[in-house]
């Protein structure tokens, strides 16, 4: 079992729809979780971080964390073609501020006009 | 502008040669990391360093070496012992503070072995 798992997709949604990206993790000691967006051939950029159970909203993005189920998700409302990218979920291994980030394989999102 | 600079952006290597990828940051970050990304895959940690003159192996350190002689610099050498070095290499840094470990990435170096 991979430490952080994502469905590689591609996930295809029409423009204006809600895109739902999911991630599970196996290390119950993980405390912090991140969503990075990566355009083809480019480096990842941080779009959301979440540390507590529940929802965290930032503009069109909402991150959801359920530590009991070891599940993290990212919702993108009003999806735009510019959101088409690979989304990487990462879990910070162990507690404390020096824990290493472990990445999932990424989910490719395609938003069709 | 503050950021992370990786060079070269593209590099071609013959089998049996060592190559060194440069990573420099001016963010005054404490920690630096090297990740490897293969097509359709996530990032895998090669080495990381939280302080000058100290570094630790990540999950796939075999065939790689690093040094951290300055806070700003964390070069990665891909040695001839690395069996399949063709990949996209990403350097990252973070400011160690209470809470989470938020990474900032460089633009990446794409290594191709001929």
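The values are calculated or read from the model by the stated rules, or taken from the named source; none is laboratory data. Small disclaimer: the values here were computed from a predicted structure and weren't measured. For neighbour counting, all protein chains shown are included, and Cβ atoms are generated from backbone atoms with ideal geometry for every residue, glycine included.
All conditions in (1) surrounded by 15 or more Cβ atoms within 10 Å (Cβ to Cβ); (2) within 14 Å of chain B (Cβ to nearest Cβ); (3) part of a loop (DSSP other than H, G, I, E, B) hold for residue A:24, with the sole exception of (3). Can you tell me which of A:82, A:12 is assigned to a strand (DSSP E or B) and away from chain B (no Cβ under 14 Å)? Answer to the check: A:12.
Determine if the range A:90-105 includes at least one residue that is in contact with a helix residue (DSSP H, G or I) (Cβ under 7 Å, 6 or more places away or on another chain), part of a strand (DSSP E or B) and either free of Cβ contacts under 8 Å to residues at least 24 places away in the same chain or closer than 23 Å to residue A:9 by Cα (or both). No, the range A:90-105 has no match at all.
Scanning the range A:70-100 for residues that are surrounded by 15 or more Cβ atoms within 10 Å (Cβ to Cβ) and closer than 14 Å to residue A:6 by Cβ yields a total of 11.
Let's see how each residue does on (1) surrounded by fewer than 21 Cβ atoms within 10 Å (Cβ to Cβ); (2) modelled with pLDDT of 90 or more; (3) within 14 Å of residue B:28 (Cα to Cα):
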site	(1), (2), (3)
B:47	no, yes, no
B:64	no, yes, no
B:69	yes, yes, no
B:78	no, yes, no
B:88	yes, yes, no
B:96	yes, no, yes
B:99	yes, no, no
B:112	yes, yes, no
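Would you check which residues across the range A:62-89 are under 14 Å from the mean Cα position of the chain (by Cα) and within 19 Å of residue A:10 (Cβ to Cβ) and list them? Answer for the range A:62-89, where residues must be under 14 Å from the mean Cα position of the chain (by Cα) and within 19 Å of residue A:10 (Cβ to Cβ): A:73, A:74, A:75, A:76, A:83, A:84, A:85, A:86, A:87, A:88, A:89. Taking the conditions (1) in contact (Cβ under 8 Å) with a residue 24 or more places away in the chain; (2) over 13 Å from the mean Cα position of the chain (by Cα) in turn, residue B:88 satisfies each one other than (2).
Which residue is surrounded by the most Cβ atoms within 10 Å (Cβ to Cβ), if the candidates are limited to the range B:19-41 and must be under 15 Å from the mean Cα position of the chain (by Cα) and assigned to a loop (DSSP other than H, G, I, E, B)?
Keep residues of the range B:19-41 that are under 15 Å from the mean Cα position of the chain (by Cα), which gives B:19-25, B:29-38.
Now drop any that are not assigned to a loop (DSSP other than H, G, I, E, B), which leaves B:29-30, B:38.
Details: B:29: 19, B:30: 17, B:38: 13.
Among residues in the range B:19-41 that are under 15 Å from the mean Cα position of the chain (by Cα) and assigned to a loop (DSSP other than H, G, I, E, B), the one surrounded by the most Cβ atoms within 10 Å (Cβ to Cβ) is B:29.
Scanning the range B:43-90 for residues that are under 21 Å from residue B:108 (Cβ atoms), in a strand (DSSP E or B) and within 9 Å of chain A (Cβ to nearest Cβ) gives B:43, B:44, B:45, B:48, B:88, B:90.
Within the range B:1-8, does at least one residue satisfy the condition of being away from chain A (no Cβ under 14 Å) and either in a strand (DSSP E or B) or under 12 Å from residue B:111 (Cα atoms) (or both)?
The answer is yes; a qualifying residue exists.
Picking from residues in the range A:32-47 that are surrounded by 20 or more Cβ atoms within 10 Å (Cβ to Cβ) and facing chain B (nearest Cβ under 9 Å), the one that is farthest from the chain's Cα centre (by Cα) is A:43.
Assess whether residue A:67 counts as being surrounded by fewer than 17 Cβ atoms within 10 Å (Cβ to Cβ) and within 13 Å of another protein chain (Cβ to nearest Cβ). No, not satisfied.
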